[in-house]
Amino acid sequence: MEIKRCAFIVDFKGKEVPKRLSKMDVNLTYISKKFNYAIVYLDEAKGEKLLVNHLKNVKGFIGVTPSLFYDENANI
């Protein structure tokens, strides 16, 4: 069984969003404290709506965008 994963970029300000991401059921790959973004991977079935719904009430959350560098052909 193959699980399809998607990469998303989460923009934020402050420290609350990375703490919340680490507690969620996502693969937190990278956090840039200087440029205030994080890269997360999660199942395609869950999608972007899951991230937005969990983070929209967190102080400092700006937005979620799909990663432009994610290659579906190289998905293992």
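Worth a mention:
- At full extension, Lys46 and Thr65 could sit 5.4 nm farther apart than now, given 0.36 nm per residue minus the alpha carbon distance.
- Residue among Tyr37, Val58, Met24 farthest towards the positive dipole end of the chain, charges placed on Cβ: Val58
- Taking Glu2, Glu44 and counting other C-beta atoms within 10 Å, the order from fewest to most: Glu2, Glu44
- Counted residue by residue at 0.36 nm each, then reduced by the alpha carbon distance between them, the extension gain from Ser32 to Asn53 reaches 5.4 nm.
- In a reduced charge model with +1 at each Lys and Arg Cβ and -1 at each Asp and Glu Cβ, the chain shows a dipole moment near 600 debye about its Cα centre.
- The chain: Rg to Rh, with Rh as the Kirkwood radius over Cα pairs: 0.96
- Listed from fewest to most Cβ neighbours within 10 Å, the set Val17, Val58 follows the order Val58, Val17.
Just so you know, all these numbers are worked out from the coordinates, no wet-lab data involved. Computed from a predicted structure; not experimentally measured. For neighbour counting, all protein chains shown are included, and Cβ atoms are generated from backbone atoms with ideal geometry for every residue, glycine included.
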